[in-house]
Each structure stands twice: as C-alpha cells, then as structure tokens.
Amino acid sequence: MVLMVTSTTMLAVNAAEQAAIERQQQAQAHEQAVARILPRTPASMVNFLAERIARPTPTAVADACFVFSPAAQRQLADAHGGEDCPGAIQALAAQVVDPSGYVNHLWLPGRATQPGPAGTLTVDACVLDFGGIAGWSGPDPGPQIGHLTLTQQHGEGQLITRYTRCS
C-alpha cells in the first residue's frame, strides 16, 4: 500500500515537472517566433511605424503597438496623451497630412542611429528627413516619431523597449 501511494505521488510529481518543462519550451518557442517577425534594423522599424501611422486601420494600429514592449507602450501613451498605445498611435496619425508622402518620402539619416547601453540601439526618429533623397519640397507630410531604444530579441528582430517624445 505504501509503495503504491509513493509510486502514484512520484508519477504525479514527474508529470507536473514535465508539464512545466513543456510550458517553458512553448513560451520560449513563442518568444523566438515573435522575434523573427519584428523589424530587424532601425530604418525598417521607422518605416514599419510610419506605414502604420499613415494608414491607421485597426490592424495597423495593433501592429504598431506590437513592436513596443509594455513599458514602451505606456511611455508612448503618456507622451501623446493617449489612454493606451492605440490611442497614442491614433494621435500621431491625426498629425499626418499626406499619408503617401509620409511613407514614400521618409528617410532616416544614418547619424540618427547610435549604439546604446547593453547592446541596445538608440534611434532618433525626431530627425526624419522628408526631402533629402526623395527631393520632396514643402511641409513635412507627418510627425516626427520620437526617440526609440531598440533591443534585439533572441538574435532576431528589434523590440522598442523605451520611448520618449521629440522635444
């Protein structure tokens, strides 16, 4: 009888340990899958955001918020007076006067990206150029995005882990 209770207890403990290991493996696989779909370079991140800000469909707004960590989403919302990240993206979108020009004439100067602490990249998306390469003349077709800190995820794409508004 004691042997049977001990065996049953050991089986239950082993099953619980296996389930925990499987959950951990699934969580890691999920994180790696997410990392693979994040933008990989500062320029691709800025272009990704500009495309979603210029055409703020519900899916585009959700996609834009996806590339911000929870802390950075809060910083974005606080900086733009939004209740949450989608509200902040909508506030930026409301400043776009020419969606096509905002997406197609945007250029991130090379000096805008610098190495940051602990392997991060800082991106000054407050110096977006809408006229240099594309020859655009006239007022900026939309807002400067802000100061971004990018952190590479699992050796793959970048996640925005810090946000501050342009001065």
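The values are calculated or read from the model by the stated rules, or taken from the named source; none is laboratory data. Predicted model, so just to flag it, every value in this text is computed and none were measured. Don't worry about glycine lacking a Cβ; one is built from the backbone with ideal geometry, like all the others, and counts go over all protein chains shown. Ligands, DNA and RNA are excluded from the accessible area calculation, which covers all protein heavy atoms including side chains. Shrake-Rupley method; radii C 1.70, N 1.55, O 1.52, S 1.80 Å.
Evaluated at q = 0.15, 0.17 Å⁻¹, a Debye calculation over the C-alpha positions of the chain (equal weights, vacuum) places log10 I(q)/I(0) at -0.82, -1.00.
Scalar couplings 3J(HN,Hα) for the stretch 125-130, obtained by applying the Karplus form with A = 6.51, B = -1.76, C = 1.60 to θ = phi - 60°, are 8, 9, 10, 4, 10, 10 Hz; x denotes Gly and Pro. Computed about its Cα centre, the charge dipole of the stretch 70-167 is approximately 200 debye, with only Lys, Arg, Asp and Glu carrying charge at their Cβ. With contacts taken as Cα pairs under 8 Å at a separation of at least 6 residues, the chain carries a relative contact order of 25 percent.
Among 117-124, 62-69, how do they line up by average Cβ neighbours within 10 Å per residue, starting with the highest?
In descending order of packing, they fall as 62-69, 117-124.
Whole-Hz Karplus values for the stretch 71-84 come out as 5, 5, 4, 5, 4, 4, 4, 4, 5, 10, x, x, 6, 8 Hz, taken residue by residue from phi with 6.51 cos²θ - 1.76 cosθ + 1.60 and θ = phi - 60°; glycine and proline positions read x. Each helix, a run of at least 4 DSSP H residues, gives -39500 (n - 2.57); summed and divided by the residues of the chain, these come to -16000 deg cm²/dmol at 222 nm. In this Cβ point-charge picture (+1 for Lys and Arg, -1 for Asp and Glu), the chain has a dipole of about 160 debye about its Cα centre.
Farthest toward the positive end of the dipole of the stretch 40-167, out of 61, 101, 151, is the Cα of 151, where the dipole comes from beta carbon charges about the Cα centre. Computing the accessible area with a 1.4 Å probe over protein heavy atoms, can you report the carbon and sulfur percentage for the chain? Looking at the chain in its full context, I get 57 percent from C and S. A Gaussian network model of the chain, with springs between Cα atoms under 10 Å, assigns the largest mean-square fluctuation among 75, 152, 24 to 24.
Note that the stretch 49-167 presents 47 Å² accessible area per residue, ligands and nucleic acids not counted, probe 1.4 Å.
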